[in-house]
Ligand code: GDP
């Protein structure tokens with residue numbers, strides 16, 4: 001039996017009131033649209049916007065609330081919608097009055113939890129680029145308080161909501177998505193451990209395992225993440241893919257900008273090296289290290305090959321476990 005990679009992808013549902021920013025998030029994170037271009041996104045009347053992208057490690061679907069979606073309407077198949085999904089992201093426009101959004105969050109969460117108690121609930125307090133720092137904190141506190149009060153009033157205090165301050169105008173949306181996706185990867189501790197082993201044996205300071213298309217990092221070593229390093233690595237992916245799109249590949253393969261040969265080394269003027277290597281169809285590793293550690297490039301390349309092999313095994317095991325049992329032939 002062939003089990004496609006799709007079966008094991010983290011599945012995420014994006015919900016929220018109309019104009020809260022869902023399409024913009026999708027375009028910026030998964031389709032490289034620049035934030036300013038989202039000003040011209042047209043509102044569609046479709047309720048569901050599918051994005052079963054074959055190029056990303058993450059599978060992702062958007063639900064709009066144009067008017068009233070009646071969760072108890074038999075045509076709204078909540079079993080299918082919530083049943084198969086790992087995380088539900090609810091987007092709230094922080095620049096707008098959010099009372100209606102909070103009411104909607106509450107009905108959505110209660111319904112989804114009933115259908116699928118394993119769903120992770122992630123609230124994006126979005127468009128915070130327009131808010132002062134004090135205002136951000138105050139808004140987050142207020143939304144946190146009201147959302148949890150609503151749940152407590154309904155006797156649902158066991159439901160856990162996570163909150164993130166996001167904007168498409170900086171890396172916060174990518175950072176938030178990374179955290180959401182990481183919760184859905186059962187092998188995260190193994191990946192972290194492999195990254196730790198790889199960096200400590202190679203003199204590397206920081207390493208991120210990236211979903212190349214979205215620039216979401218699905219794992220990193222256990223040293224703390226600072227936003228600057230993450231942004232630097234995101235920028236490197238952009239540079240490599242852009243150069244590769246323009247000068248690399250041939251026209252007969254559709255994914256020519258990123259393939260098995262994809263790798264890059266960038267020397268910065270502060271004695272730092274950025275090192276990128278392809279790991280599999282969706283993933284790349286990007287590392288930051290000092291120039292003197294890179295003198296032993298042979299060792300780093302060798303360690304990378306061991307790391308890549310281990311990662312491949314981690315994901316293969318998962319596929320085997322998920323596939324239906326193969327009837328054994330008589331010996
Ligand atoms: P949807 O109906 O939920 O899909 O919302 P859209 O994606 O169409 O976004 C509605 C408007 O919000 C657009 O004009 C976007 O440019 C704007 N928008 C989306 N995200 C942000 C953000 O992070 N900051 C700001 N300032 N505006 C945003």
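As a rough guide to protection, the peptides 205-211, 217-223 ranked by mean Cβ packing within 10 Å, highest first, stand as 205-211, 217-223. From the Kirkwood radius over Cα pairs of the stretch 171-220, Stokes-Einstein at 37 °C and 0.692 mPa s returns a whole-number translational diffusion coefficient of 289 µm²/s. Taking 0.36 nm per residue of separation and subtracting the current Cα-Cα distance, fully stretching the chain between residue 192 and residue 39 would add 51.3 nm. Distance from the Cα centroid of the stretch 144-192 to that of the stretch 216-244 is 21 Å (rounded to whole angstrom). For the peptides 98-111, 144-157, 171-184, the ranking by packing is 171-184, 98-111, 144-157, with the highest mean count of neighbouring Cβ atoms within 10 Å listed first.
Values quoted throughout were computed directly from the atomic coordinates according to the rules given, and no laboratory measurement underlies them. Given the structure is predicted, the values throughout are model-derived calculations rather than measurements. We place every Cβ from the backbone using ideal geometry, glycine too, and count neighbours over all the protein chains shown.
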